[in-house]
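The values are calculated or read from the model by the stated rules, or taken from the named source; none is laboratory data. Quick caveat: nothing in here was measured; it's all calculated off a predicted structure. So basically every Cβ, Gly included, is an ideal-geometry build from the backbone, and we count neighbours across all protein chains shown.
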Amino acid sequence: MSWNRLRLGMDGDGEELTAQETALYDRQIRVWGADAQRRLSKAHVLVYGMKGTVAEFCKNIVLAGVGSLTLVDDRVATEEALSSNFLIPPVESVYGGKTLAELCCNSLKDFNPMVRVSVEKGDLSNFGVEFFSKFDVVVVSCCSLSAKKLANDKCRKLSKRVAFYAVECRDSCGEVFVDLQDYKYSKKKQEETIGCDLKYPSFEDALSVPWRTLHKRMSKLYFAMRVIEKFEEAEGRSAGEVSIADLSAVLKLKKDLCIAQSLSESHVPDALLERLVTNATEFPPVCAVIGGILGQEVIKAISGKGDPLKNFFFFDAFDGKGIIEDISAK
Amino acid sequence: MASPPFSSCSVKDAKVLMVGAGGIGCELLKTLALSGFPDIHIIDMDTIEVSNLNRQFLFRQSHVGQSKAKVARDAVLKFRPHINITPYHANVKDPEFNVDFFKQFNVVLNGLDNLDARRHVNRLCLAANVPLVESGTTGFLGQVTVHVKGRTECYECQPKPAPKTYPVCTITSTPSKFVHCVVWAKDLLFAKLFGDKNQENDLNVRSSDGASSSENVEDVFERRKDEDIDQYGRKIFDHVFGYNIELALSNEETWKNRHRPKPIYSKDVLSDELAQQNGNLEKNNVCDDELSVSAMASLGMKNPQDIWSIRENSRIFLEALRLFFTKREKEIGNLGFDKDDQLAVEFVTSAANIRAASFGIPLHSLFEAKGIAGNIVHAVATTNAVIAGLIVIEAIKVLQNDIKNYRMTYCLEHPSRNMLLMPVEPFEPNKSCYVCSETPLSLEINTNRSKLKDFVEKIVKAKLGMNLPLIMCASNLLYEAGDVEDDMIAIYEANLEKVLAELPSPVTGGTMLTVEDMQQEFVCNINIKHREEFDEEKEPDGMVLSGWTQPVSAAENKDKSVGNGASPSDALVTAVESEKNDEITVVSTLKKRKLPEETDISCADAEAKHQKQLEVIDDEDDLVMLDGDLDSFKKRKLS
Ligand SMILES: [Zn+2]
């Protein structure tokens, strides 16, 4: 088939989709339209922390056809890191000595030759505001609570809007946090076009909403994740560095937090905390679910099509529910 | 070390069958491999196409044309080299995949794109007593269901939405939507001009008294020897868009309450410039590859998302017709519409648009017309990934025999009760399901006029989805498909041509027929009821099959207004992720299964009338479940 340049229609700056893009993206253009596809192809995405869930996410947006994807994770590949990551061949001669970001980059490049995939080195907390200005979307994972908050604040300092996402999976549970700052979009309802305006709190502000003010049926996973996050922070550990040996300390912390927040302890079941500390490794089906939802949300934010979720998403394979919670100060 | 409910021990010994290596299949194979499944068999008859690559991530440009099952296997072995993956580049309906084949698996996982294959796999799973996890996606919507014989409903317990069909007269005489014009252009005009001449075709307008247009009309479509192609094109144009509309207009009765169409003649929309222009086009068509012949290219039109003017449509129409007769003459007489055939899509788009203009219906772009004509199902990678994750979660529960926690899960575009992923309890088997219970069906048919052949095609194959049927009346064999002894072939052939009442063992009102598919190990009985007349428009088969007794419904809920959230776009569809699906279109049937607490979810795997209480797993149960007291998980009992 010859790839003569067929235009799919032009927008203001004369960018156009090629016939190759039209053919490749045919099925998804039928879902979100040529305009959205063009916006996707101009978006730059930064990802920090290459575990299974993030690998799933990267696959999804590379397939969708973003402009570029930049990976950061200086950790050297270990067998454990590979357990739920399909981007890395589990052969020592291949992964030995290379960083996770480098290995994932090599695989992702193959998925879609039209997307530029590259690696940056460094620690999340050391990147300056200037660095974040190069991106439209920032996704962080596998790092401390303070590093997440700091990165979120740097994104917020920029004059342009950088969409920020924090994602974490433990055992058969997953959590996504979304900050689109002040997000305006329009949607069609029957014949009318309605303007929508969503105001997102920062990660820091969302987490400081007092627990007792949250609605009664708030996802228990929200509280459980905060307890473990707090524990890891107090111990100076990175996300996921917990084990069954920490259980009694985690349960003690939960008790203290519940008292401090005037929340009944029944909202943070011990059994749930036990699951989360016992098995910090990701459960591949949950990586697929969370990586899929995150991919969908990022595509929505870039394309301006569809209602983005505000501002937390939780999934627990035990009950199978995928729940959206809005946690922002009243 | 995983926690008990998802312990890996059940996975470690599992042998699973995946049917379909497409959009869901690629994601599923990856997630199964990562989750530690050691032995995976995968069947897919398809080869890889360019439009797969945006979501079927195991495939690359260089794989186009190769077997999906085989390439998927190789790709997954790169990151999980030590597991067994057995690919079959074959149709799941092939006889080698019989009940014994299915019996070797602990669970079957479907990532299919058509109703026919889904029904076939459902029956084999029932016969082999192997649990089935079924799935489907379209756009941002998706669903996963679990089917365990005797425990939950089977895939066919609820009648599936029938493929969308339109009354013949809407297509031939009174179109009101663009899709009617597309069907007319594709199934009537395209078929008439380029398809099999012996096929019946309703192209010519029927007047209300049922009389067809005069005999000599046939000659219009036949190109005379040495007839100039441009003249021929204009003759066709004037006949179908001009003369036929005039003819229809002459029937005043039809237009009493309708917008009157306006005839369009080529001279009105095109000046004489055209003849000259076409003469200069030859040099643009240097490529001999038939699928790259394009009227758009030769007219210098580039954007498939543009909506062409009536004049542009007319030029495309004539140019496409000319190209078929000059560049692809050999195929004329055997062409079927194919969405990947650029010239065919151009022809159908322009013809549909000109007809739409006649009837005051808004025109559409080629991109849109192609989607409608080709029944192209919208598909994105993210939904497939989510659905594949959910399939694996259900598969693990099935392996652990964790019946209480089986769920069907809907992936929604707009949250309902704050949920994007909504699990609900599976339904009990439908006691009057003709597939998983032994309830007989009944068939109204004119036993003096319908032949056995009609019964086999229209009922046994089309409605019952049988692949290799065998038909018995009492203990007499009337027909058998497949490997049959030579001396029987002639007898069966003769039987096929006989009307039911004149078969060696006559089939009349009150007769019970037994129809069996040996491969599916599926038998059903059909009570025959003789009926003299059928309504040609409403009952085009000339026979009516019934027997799905509607389940007792919570009908009181039916008329309540929708409480919250659920919008039409939440309608889920059964069939899906489809490339080759020429049968089922996006069936966004809006039916509601009622949820407690004033929540509605629209879902499409059941008919509108089917209403049952769905139980959403309640938040308050979380604690109970996490404490391990699974029995107090108060739910409707599975039988
Ligand atoms: Zn059934």
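Being closer than 27 Å to B:L420 by Cα and over 16 Å from the mean Cα position of the chain (by Cα) narrows it down to one residue among A:R156, A:R170, A:R237, A:R161; which is it?
Numbers: A:R156 fails: closer than 27 Å to B:L420 by Cα; A:R170 fails: over 16 Å from the mean Cα position of the chain (by Cα); A:R237 fails: closer than 27 Å to B:L420 by Cα.
Sole residue among the options that is closer than 27 Å to B:L420 by Cα and over 16 Å from the mean Cα position of the chain (by Cα): A:R161.
Yes/no matrix, rows are residues, columns are (1) farther than 30 Å from A:S172 by Cα; (2) of a type in the set (K, R); (3) surrounded by 23 or more Cβ atoms within 10 Å (Cβ to Cβ):
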{"position": "B:A320", "(1), (2), (3)": "yes, no, yes"}
{"position": "B:F325", "(1), (2), (3)": "yes, no, no"}
{"position": "B:K339", "(1), (2), (3)": "yes, yes, no"}
{"position": "B:A352", "(1), (2), (3)": "yes, no, yes"}
{"position": "B:N375", "(1), (2), (3)": "yes, no, no"}
{"position": "B:I391", "(1), (2), (3)": "no, no, yes"}
{"position": "B:A395", "(1), (2), (3)": "no, no, yes"}
B:E425, sole failed condition from (1) within 16 Å of the ligand (Cβ to nearest atom); (2) within 14 Å of chain A (Cβ to nearest Cβ): (1)
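Select from the stretch B:412-422 the residues that are facing chain A (nearest Cβ under 8 Å) and in a strand (DSSP E or B) and list them in ascending order. So that I can check it myself, show each step before the final result.
Filtering the stretch B:412-422 for residues facing chain A (nearest Cβ under 8 Å) gives B:413-415, B:418-422.
Matches in the stretch B:412-422: B:E413, B:H414, B:P415, B:M419, B:L420, B:L421, B:M422.
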How many of the residues in the stretch B:71-98 are surrounded by fewer than 18 Cβ atoms within 10 Å (Cβ to Cβ) and among the β-branched types (V, I, T)? 2
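Tell me, yes or no, whether the stretch B:65-82 has at least one residue that is assigned to a helix (DSSP H, G or I), closer than 17 Å to B:K397 by Cα and either over 22 Å from the mean Cα position of the chain (by Cα) or at pLDDT 95 or above (or both). Spell out the reasoning first.
Initially, the stretch B:65-82 is screened for residues assigned to a helix (DSSP H, G or I), giving B:68-79.
Those left that are additionally closer than 17 Å to B:K397 by Cα: none.
The answer is no, given that none of the residues of the stretch B:65-82 is assigned to a helix (DSSP H, G or I), closer than 17 Å to B:K397 by Cα and either over 22 Å from the mean Cα position of the chain (by Cα) or at pLDDT 95 or above (or both).
Which of the residues belonging to the stretch A:28-50 are more than 12 Å from chain B (Cβ to nearest Cβ) and surrounded by 24 or more Cβ atoms within 10 Å (Cβ to Cβ)? Working first, answer last.
Step one: filter the stretch A:28-50 for residues more than 12 Å from chain B (Cβ to nearest Cβ), giving A:39, A:41-50.
Correct list: A:V45, A:L46, A:V47, A:Y48, A:G49, A:M50.
Please indicate, with yes or no, whether at least one residue in the stretch B:119-135 is within 14 Å of chain A (Cβ to nearest Cβ) and either part of a strand (DSSP E or B) or of a type outside the set (D, E) (or both). If you could, list the steps in order and put the result at the bottom.
Filtering the stretch B:119-135 down to residues within 14 Å of chain A (Cβ to nearest Cβ) leaves B:133, B:135.
Restricting the remaining residues to those that are either part of a strand (DSSP E or B) or of a type outside the set (D, E) (or both) gives B:133, B:135.
Checked against the condition, which is being within 14 Å of chain A (Cβ to nearest Cβ) and either part of a strand (DSSP E or B) or of a type outside the set (D, E) (or both), the stretch B:119-135 yields at least one hit.
Inside the stretch A:303-330, can you point out the residues that are outside any loop (DSSP other than H, G, I, E, B) and of a type in the set (K, R)?
To start, the set of residues in the stretch A:303-330 that are outside any loop (DSSP other than H, G, I, E, B) comprises A:303, A:312-316, A:321-325.
Hit for the stretch A:303-330 is A:K321, nothing else.
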Residue list for the stretch B:434-458, restricted to those being within 16 Å of the ligand (Cβ to nearest atom) and out of contact with any helix residue (DSSP H, G or I) (no Cβ under 8 Å at 6 or more places or on another chain): B:Y434, B:S437, B:E438, B:T439, B:P440, B:L441
Identify, by number, the condition in (1) within 20 Å of the chain's Cα centre (by Cα); (2) touching a residue at least 24 places away in the same chain (Cβ under 8 Å); (3) more than 13 Å from the ligand (Cβ to nearest atom) that B:V183 doesn't meet. (2)
Since B:K431 meets every condition but one in (1) assigned by TED's automatic domain parsing to the domain that holds B:R322; (2) within 16 Å of the ligand (Cβ to nearest atom), which condition does it not meet? (1)
Do we have any residue at all in the stretch B:378-395 that's of a type in the set (D, E, K, R), out of contact with any Gly (no Cβ under 9 Å at 6 or more places or on another chain) and either closer than 23 Å to B:T31 by Cβ or away from the ligand (no atom under 16 Å from the Cβ) (or both)? no
Among residues of the stretch B:442-497 being in contact with an Asp or Glu (Cβ under 7 Å, 6 or more places away or on another chain), on the phi < 0 side of the Ramachandran plot and in a loop (DSSP other than H, G, I, E, B), the residue modelled with the highest pLDDT is B:N446
Candidates B:T152, B:T145, B:T137, filtered to the one that is touching a residue at least 40 places away in the same chain (Cβ under 8 Å), assigned by TED's automatic domain parsing to the domain that holds B:T382, away from the ligand (no atom under 16 Å from the Cβ) and crowded, with 20+ Cβ neighbours inside 10 Å: B:T137
Inspect the stretch B:118-133 for any residue being closer than 30 Å to B:E346 by Cβ, in contact with a His (Cβ under 8 Å, 6 or more places away or on another chain) and either within 14 Å of the ligand (Cβ to nearest atom) or assigned by TED's automatic domain parsing to the domain that holds B:G389 (or both) and give the result as yes or no. no
Considering the stretch A:205-249 alone, what residues qualify as being of a type outside the set (G, A, S), part of a loop (DSSP other than H, G, I, E, B) and within 19 Å of A:C169 (Cβ to Cβ)? A:R237, A:E241, A:V242
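Look at B:H378 and say whether it is within 28 Å of B:L141 (Cα to Cα) and touching a strand residue (DSSP E or B) at 6+ places or on another chain (Cβ under 7 Å).
yes
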Conditions first: (1) more than 16 Å from the ligand (Cβ to nearest atom); (2) away from every other protein chain (no Cβ under 14 Å); (3) under 22 Å from the mean Cα position of the chain (by Cα); (4) more than 19 Å from B:D39 (Cβ to Cβ). B:V99 passes all but one, so which condition is the exception? (3)
Which condition breaks for A:A280 when tested against (1) touching a residue at least 60 places away in the same chain (Cβ under 8 Å); (2) within 14 Å of chain B (Cβ to nearest Cβ); (3) in a helix (DSSP H, G or I)? (3)
Only one of these conditions is not met by A:G97: (1) in contact with a Ser or Thr (Cβ under 8 Å, 6 or more places away or on another chain); (2) over 17 Å from A:E282 (Cα atoms). Which number is it? (1)
Quick check on my filter: what residues within the stretch B:234-268 are of a type in the set (A, V, I, L, M) and in contact with a Ser or Thr (Cβ under 9 Å, 6 or more places away or on another chain)? B:I245, B:L247, B:A248, B:I264
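Mind checking which residues of the stretch A:39-79 are in contact (Cβ under 8 Å) with a residue 24 or more places away in the chain, β-branched (V, I, T) and assigned to a loop (DSSP other than H, G, I, E, B)?
Within the stretch A:39-79, the first condition is being in contact (Cβ under 8 Å) with a residue 24 or more places away in the chain, and the residues that meet it are A:39-77.
With β-branched (V, I, T) added as a condition, the list becomes A:45, A:47, A:53-54, A:61-62, A:66, A:70, A:72, A:76.
Within the stretch A:39-79, just A:V66 meets the criteria.
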Can you find a residue in the stretch B:62-80 that is within 16 Å of the ligand (Cβ to nearest atom), more than 30 Å from B:F359 (Cα to Cα) and of a type in the set (A, V, I, L, M)? no
Being small (G, A, S) and away from the ligand (no atom under 16 Å from the Cβ) is the filter; apply it to the stretch B:459-476 and report the residue that is nearest to the other protein chains (Cβ to nearest Cβ). B:A462
Applying the selection to the stretch A:287-330, what residues are within 10 Å of another protein chain (Cβ to nearest Cβ), closer than 28 Å to A:G33 by Cβ and of a type in the set (A, V, I, L, M)? A:A288, A:V289, A:I290, A:I293, A:L294, A:V298, A:I299, A:L309, A:I324
Could you check B:Y166 against (1) among the aromatic types (F, W, Y); (2) more than 14 Å from the ligand (Cβ to nearest atom); (3) in contact (Cβ under 8 Å) with a residue 24 or more places away in the chain and say which number it fails? (3)
